[in-house]
Structure formats: C-alpha cells, structure tokens
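A.B. asks: Pasting a structure here, questions to come.
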Amino acid sequence: MRRSAVVLISTLFPFCLLSLATQSALAADEPASEAPPAAEAPPAPPPGAVLVPIQEEPKPYKQFAIIVNPLALSINRYSIQGEYLPSLHHAITLNPFYTHASITTSDVDLGSLSGFGGELGYKFYSGKKGPNGFFVSPSFLFAAYSQSITGAPSQSFTSVGGAIDIGGQGVIGDGFIIGGGFGLQWTKTSKSVDTDNYNLTSAIIAGGGTRPRFLFTIGYAF
C-alpha cells in the first residue's frame, strides 16, 4: 500500500509541474492591458475682459457773445461787438459803430465829425469756456465820415485800415464777461485832412495813421 502511494505521487508530480508551467507561459503571452486614456485638459478659460476707458463728452462752450468797450466812449465812439465761435478757440467778430465828435480848437467849436463804420475780425481764445482766456484778434476797419466846418462846405471821406488787439477775458458764472487789453490800429483816409489844430478825438477820427487802442470789455456769453 505504501509502495502504491509513492508510485502515484511520482506519476502525478510531473503533470502538476507541466500544468503550472503551461499556465505561466499563457499568462506571459497575453497582451498587457491598455492604459486608460489620458484625461483631456480642460479648455482654457476665456481671456479677461479688456477695460476700455470711457471718453467723456466735451463740455459745451459758449458760442455767442455780446461785448461793449466803455473806453470807446472817451472818443465818442458808440459800438457793440458780436462774436460767434463756430468751433472752440476760434471766433468771428463784428463790431458796427457810430461816431460823432465836435471839432474844437482853443475851446472854439469849429464844427463836427460824424460817421458810421465797422470792424470785421478773427479772434483766437485760449480758454475752454468759449470767449475766455488769453486772446489775439486781428481785424479790418472801414468807416465813412462827414465833416462839417463852420463857414466851409461839408466834406465826406472814407477811412480803411486794420488793427490787432491782445488781452485776456473771463466768463464768470452763467455767462458774464469781463476783460481787458490793448492794441494798435492803422487807418488811411481818402482825403488828407489837416488835424494839427483839432482836438484829440477829432484828430483820431480824421487824421488816420497809427494809433494805440485800449480795451475794457464787459458783456454776456451764451
């Protein structure tokens, strides 16, 4: 009996080793399991919002102005100036005037001078409210006068020329204007008039030539 058991074990042992070897070989021949696919990268976030600065609308400026120069009354010139600004800093000016002055010499009244005229010009303003800031203003002058001398026939003549003014002007509150400046004007008359014995006002009107100008402006802008 014992001998039979030994024989049986000796017979089965080789078959067990062969079976184990076969299973190991089959396991080695099986393809390796495929690796799981890599997870897709999440989509890139959209770029941050671009900040665009908001441009402020330009503040409205005063486009019209009505101005007077009280200093002109010292030479009996009555005038009013209108200004229109089609764009900021640039103005078109129109100044119609009337003049009436007595011709006197040594306190003797010799007659009078009277006439109408006007100035048409351009004005540059440095300010942003309209007719305000430092200004430069060239202009063209034209006038027609009548001269009446006691005991002499009346004479008519014209005067043409140009002027340039510089100064400063401010717009206060809702539109009140105040300013000042000075300039030079040059005029030429159509007839030569002897003004040696004329008072200053009459000489300025009838004499022509180069004369200083002084400005004190008050008015309203809208």
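The values are calculated or read from the model by the stated rules, or taken from the named source; none is laboratory data. What you are looking at is a predicted structure, and each value in this text was computed from that prediction instead of being measured. Note that each Cβ is placed from the backbone with ideal geometry, even for glycine, and that neighbours are counted across all protein chains shown.
A.B. asks: Residues of segment 66-111 being under 17 Å from the mean Cα position of the chain (by Cα) and aliphatic (A, V, I, L, M), which ones?
C.D. replies: Filtering segment 66-111 for residues under 17 Å from the mean Cα position of the chain (by Cα) gives 83-92.
Selection gives 85, 88, 91, 92.
A.B. asks: Select from segment 112-170 the residues that are under 20 Å from the mean Cα position of the chain (by Cα) and of a type in the set (Ser, Thr, Tyr) and write down the one among them that is farthest from residue 68 (Cα to Cα).
C.D. replies: 126
A.B. asks: Within the set of pairs 6 or more residues apart or between chains, which connect a residue that is within 21 Å of residue 185 (Cβ to Cβ) inside segment 141-154 to a residue that is of a type in the set (Asp, Glu) with Cβ atoms less than 9 Å apart?
C.D. replies: 141/119; 142/119
A.B. asks: Is it fair to say residue 102 is at negative phi, surrounded by fewer than 16 Cβ atoms within 10 Å (Cβ to Cβ), touching a residue at least 60 places away in the same chain (Cβ under 8 Å) and in a strand (DSSP E or B)?
C.D. replies: Against the criterion (at negative phi, surrounded by fewer than 16 Cβ atoms within 10 Å (Cβ to Cβ), touching a residue at least 60 places away in the same chain (Cβ under 8 Å) and in a strand (DSSP E or B)), residue 102 qualifies.
A.B. asks: Let me ask something additional. Among the residues of segment 105-116, are any touching a Leu at 6+ places or on another chain (Cβ under 7 Å), modelled with pLDDT under 95 and of a type in the set (Val, Ile, Thr)? Give the steps one after another, and end with the answer.
C.D. replies: Keep residues of segment 105-116 that are touching a Leu at 6+ places or on another chain (Cβ under 7 Å), which gives none.
No, segment 105-116 has no match at all.
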